[in-house]
Amino acid sequence: MRKTFVQTLRADLPASNRPRAALLHRLRNLGVVPRVARNIVLHHSPREIERHISYMRFAARRVTMSNPAGWFVRSITENWPAPPGFDTSARKTWWSEEHDRDIYR
């Protein structure tokens with residue numbers, strides 16, 4: 001039986017990083033290639049990844065993107081600031097400290 005992308009990468013992750021497997025799946029759903037998704041999850045915090053996903057979604061509503069996954073990868077690897085007009089006070093529920101405590105510990 002062939003393993004899925006997340007199963008394969010979960011086996012490669014140290015036990016302390018296994019909660020990040022859900023982020024791997026999420027990045028794959030955005031269109032990020034497996035090798036790049038694994039690198040991002042290993043080198044960036046869950047909060048940073050979620051922040052840049054929200055930046056990408058906000059920017060995608062404002063302009064036509066031919067490659068949203070590429071936009072996301074560049075934004076996180078180059079640590080782009082929030083796009084103009086992004087309201088940091090209007091954070092989604094997953095930004096709450098309670099969610100971070102429950103999901104990412």
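The values are calculated or read from the model by the stated rules, or taken from the named source; none is laboratory data. Note that the structure is a prediction, hence the values are computed from the model and not measured. Quick reminder, even Gly has a Cβ in these numbers, built from the backbone with ideal geometry, and neighbours come from all protein chains shown.
Kindly check whether there is at least one residue in region 51-59 that is more than 12 Å from the chain's Cα centre (by Cα) and under 26 Å from Asp87 (Cβ atoms). Taking every residue of region 51-59 in turn, at least one turns out to be more than 12 Å from the chain's Cα centre (by Cα) and under 26 Å from Asp87 (Cβ atoms). The condition (being assigned to a helix (DSSP H, G or I) and either at pLDDT 80 or above or within 21 Å of Trp71 (Cα to Cα) (or both)) is satisfied by just one residue among Arg18, Arg38, Arg10: Arg38.
Taking residues in region 37-60 that are over 11 Å from Val73 (Cα atoms), and partners anywhere that are of a type in the set (Gly, Ala, Ser) and modelled with pLDDT of 95 or more, the pairs with Cβ atoms closer than 9 Å and at least 6 places apart or on different chains are Tyr55/Ser75; Ala59/Ser75. Applying the condition of being more than 17 Å from Leu23 (Cβ to Cβ) and of a type in the set (S, T, N, Q) to region 53-92 and asking which residue is modelled with the lowest pLDDT yields Ser89. If you filter region 22-62 down to residues that are of a type in the set (Gly, Ala, Ser) and in contact with a Pro (Cβ under 8 Å, 6 or more places away or on another chain), you find that the one that is surrounded by the most Cβ atoms within 10 Å (Cβ to Cβ) is Ala59.
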